[in-house]
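Trainee: Here it is, the structure, as structure tokens.
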Amino acid sequence: SKNIQRNHFQVFDPSISDRFKQALTMETDLRKALKERQFELHYQPQKEMNSGRVVGMEALLRWKHPKIGYIPPDTFIPLAERSGLIMEIGEWVLREACMQNKRWQEQGFSPVVVGVNMSVKQFYQKNLVAQVAQILQETGLEAKYLELEITETIAMAHEEFILETLRGLRNIGVQVSIDDFGTGYSSLKYLSIFPLTKLKIDRIFLDGKQKQNLAIVKSIIHLSHSLQMKVIAEGVETEEQVTFLKQQDCDEIQGYFFSKPLPVDQVTHLLCELQ
Ligand code: C2E
Ligand code: CA
Ligand code: CA
Ligand code: CA
């Protein structure tokens, strides 16, 4: 019976309580991170296919943890969503990205559009449009140089509310793209209802070994253009992918083939070299 007890203990106690403790510690750390400015934005350039010019930058959040080092967003954003901290983090990301984009313009670089990822919860804030407008005013960035990236998950409910928010954003001149297009809950209906400016083809469709993927990529590009939207391919890593996307008339590319996401100083350096 001692054995059973010990097993019992081993099965339940350590794993669950450890995970719980870990989550709690992480949440406390996240709050601290916000206060102590441990967040950083890295930027990944987006290249226009025809001109070869950098026309956009996607802002990607990094947490520079004092003990652990860089923590990738996939590990802490779900937690930030659950705890509601994503509202504050998201607002910080928006302001920081707009500020940086304005700074590049002031430094004399050709204007680019900065892409900011929106979590579902953040998008459902009642005052999102007002918040975005306020940040644009504060930072002096023209609305057309800001693009909000939303995912298809957003469209799962509250159609009226989403439509109203999207119209509000378009009214002030902000661009809105669908991220990871094709991987989520996609209803083609939404593409015709929602005022969107761009589709981002998810990188899973760029795997050329899967022959059907070529047809899917072709179709998404065609669909975007038919609906007067631009289209960008994400996760472009090889020359073959670039060639194929060019043939298919894809507007923009983003991926390791051209550049990884980089800290501000490095991406600024890259802009200098390209001038
Ligand atoms: P995402 O928006 O789909 O961002 C693209 C991810 O693919 C980034 O990962 C980027 O580093 C990676 N990537 C770019 N090019 C390539 C490539 O050629 N090959 C491969 N294998 N990967 C590539 P990252 O930075 O780790 O971000 C992961 C996710 O975290 C993002 O996916 C986005 O959903 C989320 N995220 C990042 N920053 C924010 C943020 O500020 N707010 C919110 N809500 N989510 C964010
Ligand atoms: Ca994105
Ligand atoms: Ca994506
Ligand atoms: Ca993603």
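Trainee: If you go through the stretch 252-273 one residue at a time, how many are in a loop (DSSP other than H, G, I, E, B) and within 16 Å of ligand 3 (Cβ to nearest atom)?
Mentor: Number satisfying all stated conditions: 8.
Trainee: State the number of residues belonging to the stretch 229-275 that are within 23 Å of Glu149 (Cα to Cα) and either of a type in the set (Gly, Ala, Ser) or at pLDDT below 95 (or both).
Mentor: 4
Trainee: Pick out the one residue from Gly115, Gly108, Gly140, Gly182 that is among the small types (Gly, Ala, Ser), under 20 Å from the mean Cα position of the chain (by Cα) and modelled with pLDDT of 95 or more.
Mentor: Being among the small types (Gly, Ala, Ser), under 20 Å from the mean Cα position of the chain (by Cα) and modelled with pLDDT of 95 or more holds for just one of Gly115, Gly108, Gly140, Gly182, which is Gly115.
Trainee: If you don't mind, there's one more thing I want to ask. Leu166 versus (1) assigned to a helix (DSSP H, G or I); (2) of a type in the set (A, V, I, L, M, F, W, C); (3) closer than 16 Å to Val93 by Cβ: which is the lone unmet condition?
Mentor: Tallying (1) assigned to a helix (DSSP H, G or I); (2) of a type in the set (A, V, I, L, M, F, W, C); (3) closer than 16 Å to Val93 by Cβ, Leu166 fails exactly one: (3).
Trainee: Could you count how many residues in the stretch 190-241 are closer than 29 Å to His158 by Cβ and either in contact with a Lys or Arg (Cβ under 6 Å, 6 or more places away or on another chain) or part of a strand (DSSP E or B) (or both)?
Mentor: 10
Trainee: Shifting gears a bit: Tell me the residue from Val242, Val236 that is surrounded by 15 or more Cβ atoms within 10 Å (Cβ to Cβ) and either within 20 Å of the chain's Cα centre (by Cα) or within 16 Å of ligand 4 (Cβ to nearest atom) (or both), please.
Mentor: Only one candidate passes the filter, namely Val236.
Rundown of residues vs (1) within 16 Å of ligand 2 (Cβ to nearest atom); (2) surrounded by fewer than 21 Cβ atoms within 10 Å (Cβ to Cβ); (3) in contact (Cβ under 8 Å) with a residue 24 or more places away in the chain, yes/no style:
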{"site": "Phe161", "(1), (2), (3)": "no, yes, yes"}
{"site": "Glu164", "(1), (2), (3)": "no, yes, no"}
{"site": "Lys198", "(1), (2), (3)": "yes, no, yes"}
{"site": "Leu206", "(1), (2), (3)": "yes, no, yes"}
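Trainee: Go through Gly84, Gly90 for me and flag whichever is exposed (fewer than 15 other Cβ atoms within 10 Å of the Cβ) and not aromatic (Phe, Trp, Tyr).
Mentor: Matching residue, one of Gly84, Gly90: Gly84.
The values are calculated or read from the model by the stated rules, or taken from the named source; none is laboratory data. For clarity, every value in this text was computed on a predicted model and none was experimentally measured. Glycine also receives a Cβ, built like all others from the backbone with ideal geometry; neighbour counts cover every protein chain displayed.
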